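The values are calculated or read from the model by the stated rules, or taken from the named source; none is laboratory data. Owing to the predicted nature of the structure, the values given are computational and were not obtained by experimental measurement. Cβ: placed from backbone, ideal geometry, glycine included. Neighbour counts: every protein chain shown. When the accessible area is computed, the model is the full protein with side chains, heavy atoms only, and any ligands, DNA or RNA have been set aside. Shrake-Rupley method; radii C 1.70, N 1.55, O 1.52, S 1.80 Å.
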2 protein chains.
Amino acid sequence: MAGVAGSPALAEQGNNLPPNVPEWMKAPGDPMGSQPYGTPSVHEKGVVKNISKTLPQYISASGRTPLQELDGIITPNGLFYERHHGGVPTIDPAEHRLMLHGMVDRPLVFTMEDIRRFPSQSRIHFLECSGNPVYTKPYGKTASDLVGLLSCAEWTGVPLKTVLDEAGLQPGAKWIVAEGADAAALTRSIPIEKCLDDAMLVYSQNGERLRPQQGYPLRLLLPGFEGNMNVKWLRRLKVTAEPAYSREETSKYTDPMPDGTSREFTFYMEAKSIITRPSGGQKLTTHGFHEITGIAWSGHGKIKSVEISFDEGKSWQQAELQEPVLTRALTRFRLPWHWDGTPAVIQSRAIDETGYTQPTLAELVKVRGLNSFYHNNAIWPWRIDANGEVTNAQA
Amino acid sequence: MAGVAGSPALAEQGNNLPPNVPEWMKAPGDPMGSQPYGTPSVHEKGVVKNISKTLPQYISASGRTPLQELDGIITPNGLFYERHHGGVPTIDPAEHRLMLHGMVDRPLVFTMEDIRRFPSQSRIHFLECSGNPVYTKPYGKTASDLVGLLSCAEWTGVPLKTVLDEAGLQPGAKWIVAEGADAAALTRSIPIEKCLDDAMLVYSQNGERLRPQQGYPLRLLLPGFEGNMNVKWLRRLKVTAEPAYSREETSKYTDPMPDGTSREFTFYMEAKSIITRPSGGQKLTTHGFHEITGIAWSGHGKIKSVEISFDEGKSWQQAELQEPVLTRALTRFRLPWHWDGTPAVIQSRAIDETGYTQPTLAELVKVRGLNSFYHNNAIWPWRIDANGEVTNAQA
């Protein structure tokens, strides 16, 4: 740990430094209730969602979580990533309804009070946009620029299966078409197997009600499935025999393959990881001990292990995983490192409980060609130069 | 589940109801970036910290978490409870220092950057004020009025042991006196055993940096110990052979016993639970199915089980515990109930992994007498009348 300890010499600098009594101890601070709903310190006002200043338009756009500023696995609600296709609607929960119809014995319409009266569950799961990051042109300087369309929260709601049992599924029911109450009426088709497994109707996020950007007052949660399928502002569930082939299933969220076919209904987010500290835009200010830390996740279940390479991928070391390791949730990993000041390329790869290993970008391109866009789960290397500057090694 | 399903008759009421297209789908919603740091829906603006409007003064005061409005186990940072003795200081992290001195081989002064360079850990733990609730006068209408000086978050920081190893403890070191950088210079003595066990120096809370009310930029975290010992705005750690017998260890946070002695250094928060839904101030609007849910916690480790009584404590049923059940963290419990409309008294009791069972208030009074104040972990019953109104059964 040499080099980590602070220097007593600091005690000679400035009025607020030991052994002096700092100015903020000399008078009472802010009184109780100055913030009935609290906000971060004024010294953290730069830590906000990462939103491009030059978007073609802001109605269908995305705002990224500043992953490189965060610790642990829980994303605070104020920094949870957003992606919407018709802006964020302001919905009166007293007037919001969920309609359940189609191939059911009893079509039903639920108020929010009805939904809250069902038996509830709470689960910690990640959510990730399928275009996180873009594929063959790895733009971006920071971890947030690259994979900031990713967040994790404790969700509370009702297992979808419980609500479907109330309506009674009819023979031949194979899909459920979910529709959002936004101006885009975002519509996705969900296979019935997922609806009867761990799908939830969610109304709370990290204890409090959903934020408007996350679907207030009600959203669909499909743990491990691409973000846009977790339909926000959920107003309608239609049970069908066939998928809807909606706009988001044809012109969007599909990928052309080298053989001329297209991948569609690419539900699962594959195993993935990123080093968040040190990461692009940061700087190692001293040689010696540094902790390498980051996050790993898989739509297929728990993370089994994370490996880190300091030599451009020639050799790999096992990182420590922070307990609890939860299924379809972010997992924090850490590895101690001694940096001697020589330039290095550092990168992490995730292995999930199915045995699947996060691939390199070259391995993805070999299979998918160059015209793919979504579901880029490639390993992301960072370059550290002799000055300690950290940059995107693939930009 | 009879009676839970919504009625299709709702479809005839109002322009925003099915089969109509609601107004919020007819025009684009708020554009991206209207909230770089997000806030709750305008329809949730009543969900704020519970702060008395008639405090004698607001510099040494408390604000409670609205537990009856929350789900799951994570408390959002904006609603985390506050208790401070000299107001909330505004500290510049660039000028903040932690001084470690006393019975150590190498006295040290750390900057926040120094602290962040140590190997980190993330843990989900509750924090609770020792005066939660007051003892023999069970005031309060809601769960928040009674035990709202309680919250739970994912904390990230450095094991205190790691930092102490850096300084080197000297023989005879038995206590560490921690001092806050607030106007009260809040000071508490921590037994060395706890400092070398799971104590942490914490800088992040639910992913982002600590809120000012929770000790920004640095606080002590002593999982399971009474809240005031988890010193906020931490500036000084002095290793000693004896405790400081500070104001908070003599005139406050001690309890007179019937035999004329006083309980002091009452570190641990004992096993406790509360039903949050239905709870005081709420109303059961229909007979039939209702989910009973609440939270349980223990400073001594994991919750082993939670039992619920519907008959004034004559009989008890086992509630279901939401996984993951974590040590010294809130645990969410649930039990389905059919309410037939007859008046009832409902209450929960927690049993922790040591086998300890949460007592009744009468059992506490028998041991502690009537002049005690802190560490009231009594069972809290709610009365449900024939109209479904829920009230404090001990008020």
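Miscellaneous remarks
- When the Cα positions of A:Thr331, A:Ile308, A:Ile346 are compared along the charge dipole of the range A:272-392, A:Thr331 comes out farthest toward the positive end, with charges on each C-beta of Lys, Arg, Asp and Glu.
- Amide H to amide H distances under 5 Å link A:Ile379 with A:Thr360, A:Leu361, where only residues 5 or more positions off or on other chains count and H is placed in the peptide plane.
- Between copies, the label points at B:Glu320 (set 7 angstrom from Cα along Cα-to-Cβ) are spaced 3.6 nm, reported in nanometres from shortest to longest.
- Rough spin-label spacing in nm, given labels placed 7 Å along Cα→Cβ, for B:Val21 and B:Ser251: 6.8
- Projecting 7 Å from Cα along the Cα-to-Cβ direction, the label point of A:Asp340 sits 8.0 nm from its equivalents in the other copies, listed shortest first.
- With semi-axes defined as the square roots of five times the eigenvalues of the C-alpha gyration tensor, the equivalent ellipsoid of the range A:246-365 measures 31, 18, 13 Å, largest first.
- Residue by residue, the range B:360-366 carries 3J(HN,Hα) couplings of 7, 4, 4, 5, 5, 4, 4 Hz when phi is fed to the Karplus relation 6.51 cos²θ - 1.76 cosθ + 1.60 (θ = phi - 60°); x denotes Gly or Pro.
- Structure note, pairs A:Lys194/B:Lys283; A:Lys45/B:Lys45; B:Lys232/B:Lys304: Cα-Cα distances above 28 angstrom occur for A:Lys194/B:Lys283; B:Lys232/B:Lys304.
- Among residues of chain B, the one whose Cβ lies closest to the rotation axis carrying chain B onto chain A, together with that distance rounded to whole Å, is B:Pro324, 2.
- Estimated distance in nm for a label pair at A:Thr286 and A:Asn371, the labels positioned 7 Å out from Cα along Cα-to-Cβ: 5.4
- Cross-link partners of B:Lys49 among lysines (Cα-Cα below 16 Å; sequence separation of 8 or more within a chain): B:Lys141
- Test item: B:40-52 mean partner chain Cβ contacts at 10 Å: 5
- Shape category assigned to the range B:178-291 from the gyration tensor of Cα positions, a/c cut at 1.5: oblate
- Sorting the segments A:82-94, A:228-240 by their mean number of nearby beta carbons within 10 angstrom, highest to lowest, gives A:228-240, A:82-94.
- Karplus-derived 3J(HN,Hα) values for the range B:106-117, using 6.51 cos²θ - 1.76 cosθ + 1.60 with θ = phi - 60°, are 10, x, 9, 10, 10, 7, 5, 5, 4, 4, 6, 7 Hz; glycine and proline are entered as x.
- Enclosed volume per residue, in Å³, of the convex hull spanned by Cα atoms of chain B: 173
- When the Cα gyration tensor is reduced to axis lengths a ≥ b ≥ c, the ratio a/c is 1.5 or higher for the range A:82-263, and with a/b not above b/c it is classed as oblate.
- Taking 0.36 nm per residue of separation and subtracting the Cα-Cα distance, full extension of the segment from B:Glu320 to B:Ala395 would add 24.2 nm.
- Residues B:Trp382, B:Trp175, sorted by accessible area with the largest first, give B:Trp175, B:Trp382 [1.4 Å probe; ligands and nucleic acids excluded].
- Förster radius 56 Å - calculated FRET efficiency between A:Glu312 and B:Glu363 (Cβ-Cβ, nearest 0.05): 0.30
- With θ taken as phi - 60° and the Karplus curve 6.51 cos²θ - 1.76 cosθ + 1.60 applied, the whole-hertz 3J(HN,Hα) list for the range A:146-158 is 7, 10, x, 7, 8, 8, 8, 8, 8, 9, 10, x, 10 Hz, x standing for glycine and proline.
- Accessible-area ranking of A:Lys194, A:Lys304, B:Lys314, largest first, probe 1.4 Å: B:Lys314, A:Lys304, A:Lys194
- Counting from the shortest, the label point at A:Gln57, 7 Å from Cα toward Cβ, is 5.8 nm from the same position in each remaining copy.
- Under the simplified labelling scheme, the A:Glu242-A:Tyr356 pair shows an inter-label distance of 2.9 nm, with each label point 7 Å from Cα along Cα→Cβ.
- Gyration tensor verdict on the range A:45-103 (Cα atoms; rounded if a/c is under 1.5, prolate if a/b is larger than b/c, oblate otherwise): prolate
- For the range B:272-392, DSSP calls about 95 percent of its internal beta bridges antiparallel.
- B:Ala244 long-range amide H proximity, modeled H, under 5 Å: B:Ser189
- Förster radius 25 Å - calculated FRET efficiency between A:Lys141 and A:Ala386 (Cβ-Cβ, nearest 0.05): 0.85
- Principal axis analysis of the Cα atoms in the protein assembly as shown yields extents of 76, 75, 42 Å, listed in decreasing size.
- Under 5 Å, built H, 5+ apart or other chain: amide partners of B:Ile295: B:Ile274, B:Thr276, B:Phe333
- Calculated [θ] (222 nm, deg cm²/dmol) that DSSP helices of n ≥ 4 give over chain A, each run adding -39,500 (n - 2.57): -2000 deg cm²/dmol
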